[in-house]
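Participant: Got a structure for you, questions after.
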Amino acid sequence: MDTKSDRKPILVVGGGIAGMTAAIEAAEAGAEVVLIEKTAYLGGRVAGFNQYFPKLCPPSCGLEINFKRLRNHSRIQVLTLAELQRLDGEPGDYQATLRVAPRYVTDACTMCGACVAACPAEISNELDYGLTRTRAIHVRTSSAFPAAYVVERTACPPDCHACAEACKYGAIQLDQAAEIRTLPVASVIVATGWKPYDASRIDNLGYGTCANVVTNVVLERLASVDGPTQGKVLRPSDHQEPKSVAFVQCAGSRDHNHLAYCSTVCCSASLKQATYIRKLFPEAKVAIFYIDVRTPGHMQEFAAKVTADQGIELVKGKVGKIEEDPQSKNLRVTVEDVLAGQKATRDFDLVVLATGMVPQTDGLLSGMQRDEFGFLMGNHGSGVYSAGCVKRPSEVSASVRDATGAALKALQIAVGATHHG
């Protein structure tokens with residue numbers, strides 16, 4: 001008998017844009033879905049962006065729609081602070097073992113903020129890549145989903161119960177423990193996303209030693225209204241407005257000493273971020289140092305529009321060295337100008353490194369197949385599929401399309417398991 005209630009759910013691992021899309025599309029097609037996310041909130045790295053390209057609109061537009069669809073969908077169960085620890089069985093008949101860490105905050109929370117005011121402990125703010133600090137009890141952003149505080153218990157002083165004592169609703173339970181849950185699932189979609197390459201490993205580009213060398217993900221937070229500078233891109237060394245900004249493309253990418261592959265989105269991201277600088281500081285000059293400008297498909301029109309700005313200069317050449325003036329903290333960029341046929345040095349107030357995407361596979365099961373660069377592979381009919389940036393570097397719209405395809409494959413396994421059952 002083929003009824004929806006007979007079907008085992010589809011497990012989606014990862015609550016970023018790809019994971020949310022896969023969960024929603026599978027549920028809309030009739031599947032039961034369990035969506036798990038190892039952090040306390042859905043949205044992934046997109047939640048920390050300033051704008052999407054090419055429309056240059058805030059990511060809250062797409063995220064709020066997805067959050068609403070997840071909140072109102074009866075066939076989707078969302079578990080945050082949850083990780084997949086084991087997967088036993090075969091396609092259509094898997095047994096998933098999950099570990100769900102405690103939030104230490106219950107649904108009785110009203111988000112009044114008294115607990116935050118009382119908390120004496122601080123931790124590095126991961127959303128701002130360490131540029132700011134937050135309390136041990138915190139919420140990621142004002143629009144976070146779920147809208148609930150979480151306690152970073154390892155940061156709490158011994159025997160501290162300040163947040164619980166400040167909560168008049170009894171919503172904080174610091175004695176909560178992790179749970180182990182097992183559930184039958186028909187298929188699995190892994191959409192755990194990406195992380196930025198560690199720019200401090202690129203010795204010649206000065207990240208971590210030159211105060212005003214930042215990465216593309218850091219600049220995205222600086223430009224965000226909920227970021228560390230409330231949307232004003234300022235030099236980290238002195239909080240002054242930059243009058244000249246350099247973007248260094250392929251910072252560690254297409255380099256066998258670091259990332260041998262192209263991360264696909266870096267050129268479009270730098271062009272987008274150049275518009276941030278020009279809008280904030282119309283007199284500022286921007287130079288983009290590149291090997292090739294790779295903006296395929298519809299992004300070519302976006303590139304043409306941005307580069308038509310006379311304040312944005314494109315220089316074909318690989319940057320060999322970045323040095324800091326110890327007094328002014330200005331930056332000297334040494335580059336091989338290919339078209340001029342000579343080495344050149346240029347001075348800038350701020351340098352942005354376009355670092356590449358690394359697949360976020362930390363904590364995933366070791367048996368999941370990876371390609372030579374560490375991206376996940378999914379074999380047709382295996383019942384375990386990858387989607388989004390853990391599968392290949394891609395921008396948001398491409399990740400959404402890929403997640404929809406993964407949902408269809410996972411659904412076929414789920415339906416097939418029902419028929420054979």
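The values are calculated or read from the model by the stated rules, or taken from the named source; none is laboratory data. Note that the coordinates shown come from a computational prediction; the quantities given were computed from them, not determined experimentally. Neighbour counts run over all protein chains shown; Cβ positions are idealised from the backbone, glycine included.
Participant: Check 186, 162, 166 and return the single one that is closer than 27 Å to residue 402 by Cβ and either without any contact (Cβ under 8 Å) to a residue 12 or more places away in the chain or surrounded by 14 or more Cβ atoms within 10 Å (Cβ to Cβ) (or both). Quick ask: steps written out before the conclusion?
Facilitator: On the way: 162 fails: closer than 27 Å to residue 402 by Cβ; 166 fails: closer than 27 Å to residue 402 by Cβ.
The unique qualifying residue is 186.
Participant: Step by step: first the residues of the range 341-379, then only those that are in contact (Cβ under 8 Å) with a residue 24 or more places away in the chain and of a type in the set (Val, Ile, Thr), then the one that is farthest from residue 294 (Cα to Cα). Which residue is that?
Facilitator: Per the criteria, the residue is 361.
Participant: So the check is Cβ under 9 Å with 6+ separation or different chains; which pairs have a first residue in the range 8-21 that's farther than 14 Å from residue 145 by Cβ and assigned by TED's automatic domain parsing to the domain that holds residue 44 and a second one that's of a type in the set (Ser, Thr, Tyr) and surrounded by fewer than 24 Cβ atoms within 10 Å (Cβ to Cβ)?
Facilitator: Sorted first by the residue in the range 8-21, then by its partner, the pairs are 8/94; 8/418; 11/94; 18/394; 21/404.
Participant: Determine, yes or no, whether residue 397 is without any contact (Cβ under 8 Å) to a residue 12 or more places away in the chain and within 30 Å of residue 56 (Cα to Cα).
Facilitator: Values: without any contact (Cβ under 8 Å) to a residue 12 or more places away in the chain: yes; within 30 Å of residue 56 (Cα to Cα): yes.
Here the answer is yes, as residue 397 does meet what is asked.
Participant: Quick check on my filter: what residues within the range 223-242 are surrounded by 15 or more Cβ atoms within 10 Å (Cβ to Cβ) and of a type in the set (Lys, Arg)?
Facilitator: 235
Participant: Here is a further query. Among the residues of the range 98-107, is any surrounded by 14 or more Cβ atoms within 10 Å (Cβ to Cβ), polar (S, T, N, Q), under 26 Å from the mean Cα position of the chain (by Cα) and farther than 30 Å from residue 223 by Cα? Talk me through it step by step, then tell me what you get.
Facilitator: Narrowing the range 98-107 to residues surrounded by 14 or more Cβ atoms within 10 Å (Cβ to Cβ): 98-106.
Among the residues that remain, those that are also polar (S, T, N, Q) are: 106.
Filter once more, keeping what is under 26 Å from the mean Cα position of the chain (by Cα): none.
So far as the range 98-107 goes, no, none of its residues is surrounded by 14 or more Cβ atoms within 10 Å (Cβ to Cβ), polar (S, T, N, Q), under 26 Å from the mean Cα position of the chain (by Cα) and farther than 30 Å from residue 223 by Cα.
Participant: Further question: So which strands (runs of 3 or more DSSP E) are wholly in the range 1-93 and hold at least 3 residues that are in contact with a helix residue (DSSP H, G or I) (Cβ under 8 Å, 6 or more places away or on another chain) and either over 15 Å from residue 409 (Cα atoms) or among the β-branched types (Val, Ile, Thr) (or both)? First the steps, then the outcome.
Facilitator: Numbers: elements: 10-13, 33-37, 76-80, 82-90.
Those strands (runs of 3 or more DSSP E) span 10-13, 33-37.
Participant: Here is a follow-up. Pick from 96, 144, 108: which is in contact (Cβ under 8 Å) with a residue 60 or more places away in the chain, among the small types (Gly, Ala, Ser) and in the same structural domain as residue 182 (by TED's automatic domain parsing)?
Facilitator: Numbers: 144 fails: in the same structural domain as residue 182 (by TED's automatic domain parsing); 108 fails: in the same structural domain as residue 182 (by TED's automatic domain parsing).
Within the list 96, 144, 108, the selection yields 96.
Participant: Here's a follow-up. Return yes or no: is residue 164 among the small types (Gly, Ala, Ser), touching a strand residue (DSSP E or B) at 6+ places or on another chain (Cβ under 7 Å) and either part of a helix (DSSP H, G or I) or within 30 Å of residue 11 (Cα to Cα) (or both)? Working first, answer last.
Facilitator: On the way: among the small types (Gly, Ala, Ser): yes; touching a strand residue (DSSP E or B) at 6+ places or on another chain (Cβ under 7 Å): yes; either part of a helix (DSSP H, G or I) or within 30 Å of residue 11 (Cα to Cα) (or both): yes.
Yes: the conditions hold for residue 164.
Participant: Next up: Could you say which residue among 351, 390, 319 is modelled with pLDDT of 95 or more, assigned by TED's automatic domain parsing to the domain that holds residue 37 and touching a Leu at 6+ places or on another chain (Cβ under 8 Å)? Explain how you work it out, then say what you get.
Facilitator: Details: 351 fails: assigned by TED's automatic domain parsing to the domain that holds residue 37; 319 fails: assigned by TED's automatic domain parsing to the domain that holds residue 37.
That would be 390, the only listed residue that is modelled with pLDDT of 95 or more, assigned by TED's automatic domain parsing to the domain that holds residue 37 and touching a Leu at 6+ places or on another chain (Cβ under 8 Å).
Participant: Consider only pairs whose beta carbons are under 7 Å apart and that are at least six residues apart or on different chains; among these, list those whose first residue lies in the range 311-322 and is in contact (Cβ under 8 Å) with a residue 24 or more places away in the chain and closer than 18 Å to residue 244 by Cβ and whose second residue is part of a strand (DSSP E or B) and of a type in the set (Asp, Glu).
Facilitator: Partner pairs satisfying both residue conditions: 315/337; 317/336; 317/337.
Participant: While we're here: Here are some residues: 300, 240. Which one is among the polar types (S, T, N, Q) and at pLDDT below 95? Let's see the steps before the verdict.
Facilitator: Values: 240 fails: at pLDDT below 95.
None of the other options fit; the residue is 300.
Participant: State whether the residues of the range 169-181 include one that is among the aromatic types (Phe, Trp, Tyr), crowded, with 18+ Cβ neighbours inside 10 Å and touching a residue at least 40 places away in the same chain (Cβ under 8 Å). Give the derivation first.
Facilitator: Residues of the range 169-181 among the aromatic types (Phe, Trp, Tyr): 169.
Of the ones still in play, those that are also crowded, with 18+ Cβ neighbours inside 10 Å are none.
There is no residue in the range 169-181 that is among the aromatic types (Phe, Trp, Tyr), crowded, with 18+ Cβ neighbours inside 10 Å and touching a residue at least 40 places away in the same chain (Cβ under 8 Å).
Participant: Report, by residue number, each residue of the range 84-109 that is in contact with a Lys or Arg (Cβ under 9 Å, 6 or more places away or on another chain) and of a type outside the set (Phe, Trp, Tyr). Step through it out loud before you land on a result.
Facilitator: Kept after step one, since they are in contact with a Lys or Arg (Cβ under 9 Å, 6 or more places away or on another chain), are these residues of the range 84-109: 84-85, 92-102, 104.
Once the filter is applied, which keeps residues that are in contact with a Lys or Arg (Cβ under 9 Å, 6 or more places away or on another chain) and of a type outside the set (Phe, Trp, Tyr), the range 84-109 yields 84, 85, 92, 93, 95, 96, 97, 98, 99, 100, 101, 102.
Participant: Kindly evaluate residue 198 against the criterion of being surrounded by 13 or more Cβ atoms within 10 Å (Cβ to Cβ) and at pLDDT below 95.
Facilitator: Numbers: surrounded by 13 or more Cβ atoms within 10 Å (Cβ to Cβ): yes; at pLDDT below 95: no.
For residue 198, the condition - surrounded by 13 or more Cβ atoms within 10 Å (Cβ to Cβ) and at pLDDT below 95 - is not met.
Participant: Residue 301 - would you say it is surrounded by fewer than 16 Cβ atoms within 10 Å (Cβ to Cβ) and either outside any helix (DSSP H, G or I) or in the same structural domain as residue 373 (by TED's automatic domain parsing) (or both)? Working first, answer last.
Facilitator: Numbers: surrounded by fewer than 16 Cβ atoms within 10 Å (Cβ to Cβ): yes; either outside any helix (DSSP H, G or I) or in the same structural domain as residue 373 (by TED's automatic domain parsing) (or both): no.
No.
Participant: Also, quick follow-up: Identify, please: which residue in the range 106-131 is assigned to a loop (DSSP other than H, G, I, E, B) and touching a Ser or Thr at 6+ places or on another chain (Cβ under 9 Å) and is, among those, nearest to residue 146 (Cα to Cα)?
Facilitator: Taking the range 106-131 first, the residues assigned to a loop (DSSP other than H, G, I, E, B) are 106-113, 119-121, 125, 129-131.
Then drop every residue that is not touching a Ser or Thr at 6+ places or on another chain (Cβ under 9 Å), which leaves 125, 129-131.
Working: 125: 18, 129: 21, 130: 23, 131: 24 Å.
The residue in question is 125.
Participant: Looking only at residues in the range 108-143 that are of a type in the set (Asp, Glu) and either surrounded by fewer than 19 Cβ atoms within 10 Å (Cβ to Cβ) or more than 26 Å from residue 363 (Cα to Cα) (or both), which one is nearest to the chain's Cα centre (by Cα)?
Facilitator: Keep residues of the range 108-143 that are of a type in the set (Asp, Glu), which gives 122, 126, 128.
Narrowing further to those that are either surrounded by fewer than 19 Cβ atoms within 10 Å (Cβ to Cβ) or more than 26 Å from residue 363 (Cα to Cα) (or both): 122, 126.
Values: 122: 23, 126: 11 Å.
So the residue we want is 126.
Participant: Right, something else. Where residues in the range 316-352 are within 20 Å of residue 263 (Cα to Cα) and of a type in the set (A, V, I, L, M), which of them is surrounded by the fewest Cβ atoms within 10 Å (Cβ to Cβ)?
Facilitator: The residue in question is 319.
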